[in-house]
Structures are given as structure tokens and as C-alpha cells.
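Chemist: Sharing a structure below in C-alpha cells format, with a few things to ask.
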Amino acid sequence: MMRMKKGAAAVALGAAVAMTAAACSSGSTPSTTTASTAAAVAKGGTLYILNLGPHNGLDVQQSYVGADLQTANRVYMRYLTSYSTGANPKLVPDLATDLGTMSDGGKTWKFTIVDNAKWQDGAKVTCEDVKYGGSRTFATDLISNGPTYSLQFLDIPNDADGTSSYKGPYNGTGQALYDKAVTCDGQTLTLHFKTPWADFNQATAALGIFAPFPKAQDKADKSLFAPWSNGPYMLEGTFDPAKGGTWVRNPNWDAATDPIRKAYPDKIVDVEGIQGETVYQRLLADGGDDKTAITFGTAPPSVLPTIASTPGADKRMANVPAPYVDYIQPNMTSTAMSNPKVRQAFAMATNRDAYITANGGPQVMVPTYAMCNKVLACYKDFNPFGAPTAGDPDGAKKVLTDAGVAMPVNITVVYRKTPTRDKSFAALKETWDKAGFNVTLEGITDKYYRTISGAAMKTKDAFYASWGADWPSGSTDIPPLFDGRINITPTSSNQDYGYYNSDAANKAMDAAYLITDPAAREKAWGDIDEMISKDGGVIPLVNQKFTFVYGSGVKNFEVNTLFGGYADLANIAVK
Amino acid sequence: MTVAPGEPENRSDASAVPVASAVAVDPGSPVALDGVDGAVAIAGRTPWQIVMRRLRRDRVTMVAFGASVFFVALAAIAPLLARIGILNPDQTHPELVQGLGSMPEGLMGGVSWSHWLGVEPGTGRDLLSRIVTGMTTSLTVALLATLFSVVVGTIIGIISGFAGGRVDWLLSRSMDLVLSFPSTLMLLSLQAVLVDRIASIMGQPSSAPPPKIAFMVLVLGFFGFPFFARIIRGQVLSLREREFVEAARSLGARRGRLYFKELLPHLWAPLLVYTTLVLPANISAEAALGFLGVGLNPPTASLGAILNDTVSYALPDPAYFFFPGVTVFLLVLSFNLLGDGLRDALDPKAGRQ
């Protein structure tokens, strides 16, 4: 699960927010991507990035924040594979010579590392560095908050308590097991998985799980803000998570050896600690250094009218699909929602239009009925109960009446509290109540996802959440959220907040993993998506959209739909 | 002037004996001279009459009094108005907020005949209805919290002042301890734990709405009580040496009688004054909590929650920012002025002439 940059979440004010993820899109690429003119660009200048902060970490094995991972990949950390730039980004090789070769039905992957990539001290990037970087994830005591797919997939046995028998490179326990699962022969890296992982090369582009790391430079958890660069820029001095830091050119990076990054600016200054509204006031004012500034936080709804009324701002604005899907998950274990008819009525009475209006209108989000984002190949156009986007409270009431349910049905809906969401859930409540529910809204401010997955919340009836796929595949959408077997424990629902655990869906997920043809596999995820919705297991609300404004001196501004919809730093220029 | 419940008693008049009960004759009124022929009849006035007379002459206080009564009355009938449909705090009007960023259409945040103060961006709910029903919530919390502080503070203050010695030391130090806590911070950090605890004490099923009103009343009231207790203690310290207390004691009155029958009647004046001063402080505190997101569950309106939302619209929709802010300002100002005026009337020595 990839999380959204806090800057966007700053959203105290607004927009959406939340947890989750990165990528989206494969195949269908949205046409809204704004690429500024192909005007002549030159090297030089300083690019400023204005963010709310504090920064979560620069160590890609300890980061799950979409915008941060994208920045890392473009600025200081090349991965095995990456996404190309432009309006139609594709999966491309980066540190590897090709996209890797899969064998044994997806259980074995082979990559050859390029010979001419160098670290910031001039040392060569070796296969051993990649292998070492991948091993860090296993040191769960020191390396945390990063993706944990390696623990789940790599062919390393588990201890009796369910944790991996390999405890990471610092402790060394089980090192032989890792050395067997991941091998280096010269510059050739071979990985062995327990179960097929057909889109592994997508994971290596979207996440830092197999980003290289030289063992000599590793300070374990202390590496969080001490990155070691193999990309076009390296850190100057130190990075203060609350204030930011400065990236300068890496003398050992050679443009000729890098197919993706153009690295036009001489310097990139990351400024943390600026409130969302302030960021946009500065970008719209477009003065001084802010002329060459961008941000990763989407514009809060209250800023949108100001953008519209600022002359020329429309020429330096992008309104693009974001990877995040807001949804409500009914709790299958609650008294009310364990009745499928009640879930159906609840879903039918859901007013997506009111939710969107309360969040700032169609520029901020578009309605959806599917958990797969509309830009993903797994997206399937369906409407489980035929209710319009404005909801059908009368139809819902009829469902409740026909089912003989005593009305009003008292339910508690839990959501992540912000002033904007207070309003959007009040708007949802109106049609729910009209349909025969009596909704109590409970807003939670702190540690939202940790709280709702805890046992104390097991009696609540429905939960709000927001999710974006880690990489463009339904496999990072459906199983992480709806496979009860991997999520539900006695003390926590983990990411399956509604305790959804259906045998039929689980069986279908197992089958989908085994499909090797990517198109057929994505279609299968779409079918499961529909199956869960028809079961009333989830009520997807909207696909979020990002609105960015950038300074008038920024050229080649483009967002990368595969990289979470954020500004792509590979081509960006300020001269 | 706002009095924070945590403010130490550095006010010169705070520990003074309330003069209304000591001074029999209003110095400002014509003195009726005894034994002068043809003089007007001696006008004996009770302390209460004197206070009322002074109050009536203080125009600012009378206006503040009128405003306070108006606000309280409005807040009291708001639930009734909402029930008969004159106020519609929860009715959304998405058709009124269709623009970019869902801003209200029309001037001044969508002011119209049906929406006198405009509508809320995003939902189109009527702002006037939200403010008035929000006032009910905020005033209820503030009043109950103040009442809690007064009751607990008075009892502890009397005991502390009268008992003296070790009991006094212990109670005074615990008051210092409470006063030294940063109350807002405590509220924020305690809410998760305490709300659940209160719910289980009240025997609520966990699916019921969390008892946030009870929580806010208890915590605001708790952090406000030392303020009263210290003032009462100061009064009692001087009162307990007075003859009538000595007399009652010599006659063998019990403690309960001494506390509540002998001492309490002499304490109503400072209690009244400081209640009117702590009340607006609690209104502000409730608003601040709502602002920080601790407040009640939506769609229940409270002034703090409304203010919290308006801040981000200060530029694009100034009217929406303006009306709730002004309401809180007027509400707090009128109670503060009323408190000041009351104090002046009850204690001419500390006047502001």
C-alpha cells in the first residue's frame, strides 16, 4: 500500500487524501496530461519543491509514499526498471539491461545489471548492491514503513510465528536462505519466488524494494535521511525532515549512460513545512524563487476558485487523474451489515454526487463503482445495483422493506476527520437516512487506519478508506484489501477493514494470480472487483483527481500517470 | 477582557470581600440624614436593590445583558425552530454550490431571502441555521462546564478555606497542580481514552455515538474548578474569622451547616461575577476544541467546527469566514461585558469609572 504525500493530505482542508498509493494506468492513458510546450530548454537553474512535510524518509526501502518514491527514482536512486516520461509512459529498463526474463511460470526472474552505472563516490553499481538492497526489507526491526512484498514472495521459509526465517543483513540469521533465493552471477541477478509473481518488473519500477544499496554505506535505520546516490543528483549536506534539503549534481553520473533522466536543473531544493494553502498562494503569486517551484500536494478545494480567477494560472496548471479511489467498506461482522440486503440498500442509497460536490466538485473527483481505478487495465464498467450516482434512496428503502428489516436501521459510519470530510459525510448521511438508515458519523483524527483495523472498531458498521494501486495491476488493488486470509488476524483487520472474507472471491483471486497473460489477468481482477461489489462488500465512491499549479519559469512540466500522477522530475527544466 | 479558567488569581479584587454584602448604603445615592426635620423618608435599600440600581445606570452592561439574554434565548429555542422547520441546519442544497470548488453562487456567500447569511461551500447548508444550532451546542457545553466548575470549586474552596492546616495545604497544592496542566493539550491527548471510558461508565453499547458532550463538559469543568476554588477559599479565609461564624460555632453548629448555611450565602456575589466571566472563556475553549477537531460528531453544528471549516475559505468566500467569526466575537464579548459590569456593581471599589 502506498501512501499519499502528506502535502496532499494537508488536506486538512481539503481534498482528499489519505493513504495509499502510487501507480495507475497501463494501456489507457488519460488525455488530460498537461505537458507544457516543447519550448527549448537548457541546463541550469534551481528547481524548488514546496511541500507540507515533514518528509517521511529518503531511504526507498523505508518509504511507501508515492511522490517520495517517484522523486527518489528521478533524483538519486535508479531502480532495476522504471517508467519512461512523456504522455504515454511505459515500463522501461533502467539499471537492468532489459525488463528481466521470467521463467518457471513467474517463479524465477533474471535481470542483468548494466556495467556503466556508478555511485556518487565513483564505485560501480554491482549485482551485489542490488541483492543487498533487497535484503534490507527483511530486517523488519530496523527497516520499517516500506513495502513488504519480498517477505511474502521470496522463496524463503517462515518461522513458526509466521515471520520470515531470514532476519535481514544486520542480524545475519538465515543469510544462507536469502543467498539461495537471490543469487548474483557477475552482473546477473536471479530471484526465486514461492508463488508466481508475473508482474515483478512492475513492482521494481514502482517501489524501491530491489533498489541497490552498497553495504559499506548502509547505516540501517539511520540511513533514513542519508541517501547514497547513483542518480543525477546527490544530497548537499544533510536533510532536515521538517525543513528539507538541497540536491546538487552528482559528478559521477553520466547522462550518456542514463536513458531516462535529462537532469536539466543544476539544483533541486526540497522545501518542507509549508501549509497547503500557503503553497498555492505562493505558486499563484509567482514571485522570486517561486517562479521555478512545483509542489506534490494537490490544490485544496478552497484554492480552486482562486486558481480560476488568477490571470494566466490556467496555463501553468494540471488537472490529472490521481491513483486514489475513495471507498466505504461495510463491516461484514456488524449486526446490521451482515445482512446482504442491508448492504445492498446502503450501497444503493449512497449519493456520490453530493460527496463530490462537498469535496470541491468535478475537478477534484469523478464518481466510480469499481475499486480498480479507471486508468487501470483491470477497470471494469459496471453498476452493481443499478443506482444512479446521486443514489436511489427510494429504491433502497424498498429493498429494506421487502427484506423485512426493521427501520430505521441504526448504523455508525467511521471516517477520517477533516473539515471537508465532515461535510462530505454529512451530505452522504442525508440520502442514507432518507432510505431508512439512522446514521451516526464518527470522525477519527489520529492514526486513522491503525485505529479502524483494531479490535475496538469491530462493532462499527462501515469504514471510509482511500486506496491506490502500488503498480498498475489489479493484484495491488483487490487482494491487499479483500483477501481476508492474508489480512484478518485475531487483533486486526489490517487492510481488509470490513472483514470481507468470501470463499468465492478468495478462490477467484488465487486463480487470477496464476494467469500469465497480462490482459486476461487484469480482466480477471476486474471481474472479482464486480463480484465483491455485487456482494455489497465494498462501495467505491470516487476516483480522485490532482490539481497542480507550478511556477511560470518551469518548463517541461508533465505528470507521470504510471508514477502516481505526480510531477515527473526526469524532464523538468527551469531554463 | 477574557478570563481563562487557568488564570491565577492576581486580580486585586478577587480576594476582596464582596462589598455589596458589607456596604449598606450606596455612596452614590443621596444620603438620608437621620433626625433632620422635613427630610425625605429614610430609604432603606437592600444590597440587592443597590446593585440593581447601579446596574441599571450602566448602559454598556445593560446592552451586554440584553445581548446575552438574546443569545441564550435563541440558543434555547433553536432545537424547537429546527423541529418545526424554520431552521434547517442539516438540509443540503447542492444546487446552490455547483461552481468550481463548490463555492456558493451569488453575492456574499450566497445570501438570499431563504438563506440570510448565505450557505456553506460544498454542501449548501444554510449558514444561519448552522450558526444558531451551533450556538446551542456551544452554549450547552459551556454552561454545563461552568456549572460543574462552580459546584466543585465552591465545595472545595469552602473546605479548603475553612479547614485550614493540612487539608488546606493538600487541596491548594492539588489546585496548583491542575492549574499547571496545559488544559487544551490534555483535552486533545485524553479524548481517545476518556471518551471510551465515559461511554463504558455510562453503560453505552459501543455502537452508540461517543459521549463527547459529557467528555467536553467534564474536562472543561475540571480544568475550570481551581479558578473558583481559589477565589472562594480567599473569601472564606476572611469570613471564617467573622463574629457570626464564631457565634454559629459556639452554638455547636456542624460543619455542613457552617459551610452551606453560614458561609455560602456570603459567596454568591463573587460566584455570580466569575461565572459570567468563565462562561465566555468556556465558549471560546469549546470553539477552540471544535477548531482542533475534538468537537462533536457531524452533522451536529458547533461554533468551533464551523470556524474550523471557514478558515480555509477566508480568501475565496470572505462572507462565510466573516459571519461565524463575528457571532463568536459578539457572544463572548457580551458575556464578558456583562461579567465586568456585574463586578463593578457588586464591588464599587474596583470600578472602572
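Chemist: Binning at 5 angstrom from zero up to the longest distance, how are the C-alpha pair distances of region A:442-497 distributed in percent?
Modeler: Over region A:442-497, the share of Cα pairs per 5 Å bin runs 4, 19, 27, 25, 15, 8, 2 percent.
Chemist: Please list, in order, the residues from region A:253-285 whose amide nitrogen is less than 12 Å from a point placed 7 Å along the Cα→Cβ vector of B:Ala314.
Modeler: Backbone N within reach: A:277-278.
Chemist: Right, another one. Evaluate Rg over Rh across region B:77-224, taking Cα atoms for both radii and Kirkwood's formula for Rh. Walk me through the numbers on the way to the answer.
Modeler: On the way: Rg = 21.8 Å, Rh = 18.8 Å.
So for region B:77-224, dividing Rg by the Kirkwood Rh gives 1.16.
Chemist: Taking every residue in B:117-130, how many Cβ atoms of other protein chains lie within 10 Å of its Cβ, on average?
Modeler: Taking the mean over all residues of the peptide, I get 3.
Chemist: Another question, if that's okay. Calculate, for region A:321-545, the solvent-accessible area per residue in square angstrom, rolling a 1.4 angstrom probe over the heavy atoms of the protein chains.
Modeler: Details: 7140 Å² over 225 residues.
I get 32 Å² per residue for this part.
Chemist: Assuming R0 = 56 Å, what is the FRET efficiency of A:Ala42 and B:Val326, from their Cβ-Cβ distance, to the nearest 0.05?
Modeler: Details: r = 54 Å, r/R0 = 0.96.
Working from the Cβ atoms, E equals 0.55.
Chemist: Angle between the Cα long axis of helix A:66-75 and the longest principal axis of chain A, 0 to 90 degrees, nearest 10?
Modeler: 10
Chemist: Label B:Ser200 and B:Arg45 with points 7 Å out from Cα along Cα→Cβ: what is the distance between them in nm?
Modeler: Computed distance between label sites B:Ser200 and B:Arg45 equals 5.9 nm.
Chemist: Would you mind getting the accessible area per residue of region A:33-191, heavy atoms of the protein chains only, 1.4 Å probe, in Å²?
Modeler: Values: 5890 Å² over 159 residues.
Per residue, region A:33-191 has an accessible area of 37 Å².
Chemist: Moving to a separate point now. Each label point is 7 Å from the Cα along the Cα-to-Cβ direction; what then is the distance between the points at A:Asn88 and B:Gln98, in nm?
Modeler: 3.7
Chemist: How many angstrom lie between the Cα centre of region B:248-296 and the Cα centre of region A:535-575?
Modeler: 57
Chemist: If R₀ is 22 angstrom, what is the calculated FRET efficiency for the pair A:Lys374 and A:Ala511, using the beta carbon separation as r and rounding to 0.05?
Modeler: Working from the Cβ atoms, E equals 0.35.
Chemist: While we're on this one: For A:421-431, what's the mean count of beta carbons from other chains sitting within 10 Å of each residue's beta carbon?
Modeler: Other-chain Cβ atoms within 10 Å of each residue's Cβ, averaged: 6.
Chemist: Nearest 10 degrees, 0 to 90: what angle lies between the long axis of helix A:127-136 and the longest principal axis of chain A (Cα atoms)?
Modeler: Relative to chain A, helix A:127-136 is tipped by roughly 40 degrees.
Chemist: For region A:182-289, what value does the Rg/Rh ratio take when both radii are computed over Cα atoms and Rh is the Kirkwood radius, given to two decimals? Each step should come with its number before you reach the end.
Modeler: Numbers: Rg = 18.4 Å, Rh = 17.6 Å.
Rg/Rh for region A:182-289 comes to 1.05.
Chemist: Counting other Cβ atoms within 10 Å, keep those with at most 14, restrict to DSSP loop, and tell me which chymotrypsin sites (Phe, Trp or Tyr not before Pro) in region A:470-568 are left.
Modeler: none
Chemist: I'd like the FRET efficiency for A:Ala520 and A:Asp266, computed as 1/(1 + (r/R0)^6) with the beta carbon distance as r and R0 of 56 Å, rounded to 0.05.
Modeler: Working from the Cβ atoms, E equals 0.75.
Chemist: Where does chain A land at 222 nm, in deg cm²/dmol rounded to the nearest 500, when only DSSP H runs of n ≥ 4 count, each adding -39500 (n - 2.57), divided by all residues?
Modeler: Details: 17 runs with 145 residues, N = 575.
Per the formula, -7000 deg cm²/dmol.
Chemist: Against the longest principal axis of chain A, how steep is helix A:503-514, in degrees 0 to 90 to the nearest 10, with axes from Cα atoms?
Modeler: Taking Cα atoms only, the helix is inclined about 20 degrees.
Chemist: Test of understanding: what is the full-extension gain from A:Asn438 to A:Ala242, defined as 0.36 nm times their sequence separation minus their Cα-Cα distance?
Modeler: So the chain would gain 66.2 nm between A:Asn438 and A:Ala242.
Chemist: For region A:243-252, just list the computed ³J(HN,Hα) in residue order, Karplus coefficients 6.51, -1.76 and 1.60, θ = phi - 60°, integers in Hz, with x standing in for Gly and Pro.
Modeler: With the stated coefficients, region A:243-252 comes to 10, x, x, 10, 9, 10, 5, 8, x, 8 Hz.
Chemist: Between A:Ala226 and A:Thr278, what is 0.36 nm times their sequence separation minus the Cα-Cα distance? Round to one decimal in nm.
Modeler: My answer for the length gained is 15.9 nm.
Chemist: Continuing with this model, one more query. Over the Cα atoms of the protein assembly as shown, Rg to Rh with Kirkwood Rh, two decimal places? Don't skip to the answer; put the middle values down first.
Modeler: Working: Rg = 33.2 Å, Rh = 31.1 Å.
Answer for the protein assembly as shown: 1.07.
Chemist: If you don't mind, there's one more thing I want to ask. Just need log10 I(q)/I(0) for region A:69-230 at q = 0.09, 0.11 Å⁻¹, Debye formula, equal scatterers on the alpha-carbon atoms, no solvent, rounded to two decimals.
Modeler: Scattering profile of region A:69-230, log10 relative to I(0): -0.27, -0.41.
Chemist: Shifting gears a bit: Non-local amide H neighbours of A:Asn410 (under 5 Å, H modeled in plane, Pro and chain starts lacking H): which ones?
Modeler: A:Asn438
Chemist: Once you put a point 7 Å from the Cα of A:Lys447 and another 7 Å from the Cα of B:Ser112, both along the Cβ direction, what distance in nm separates them?
Modeler: With each label placed 7 Å out from Cα toward Cβ, I get 4.7 nm.
Chemist: Taking θ as phi - 60°, what are the ³J(HN,Hα) couplings along region A:541-546 by the Karplus curve (6.51, -1.76, 1.60), each to the nearest whole Hz, with x for Gly and Pro?
Modeler: Karplus values, whole Hz, x for Gly and Pro: 9, 8, 9, 6, 10, 9.
Chemist: Under 5 Å between amide hydrogens, which residues at least 5 positions from A:Val542 or on another chain qualify, with H placed 1.01 Å from N in the peptide plane?
Modeler: Those lying under 5 Å, H to H, from A:Val542 are A:Asp326, A:Thr368.
The values are calculated or read from the model by the stated rules, or taken from the named source; none is laboratory data. Note that the coordinates shown come from a computational prediction; the quantities given were computed from them, not determined experimentally. Methodologically, a virtual Cβ is constructed for each residue, glycine included, from the backbone with ideal geometry; neighbour enumeration extends over all protein chains shown. Heads up: the accessible areas ignore ligands, DNA and RNA and are worked out on the full protein's heavy atoms, side chains in. Shrake-Rupley method; radii C 1.70, N 1.55, O 1.52, S 1.80 Å.
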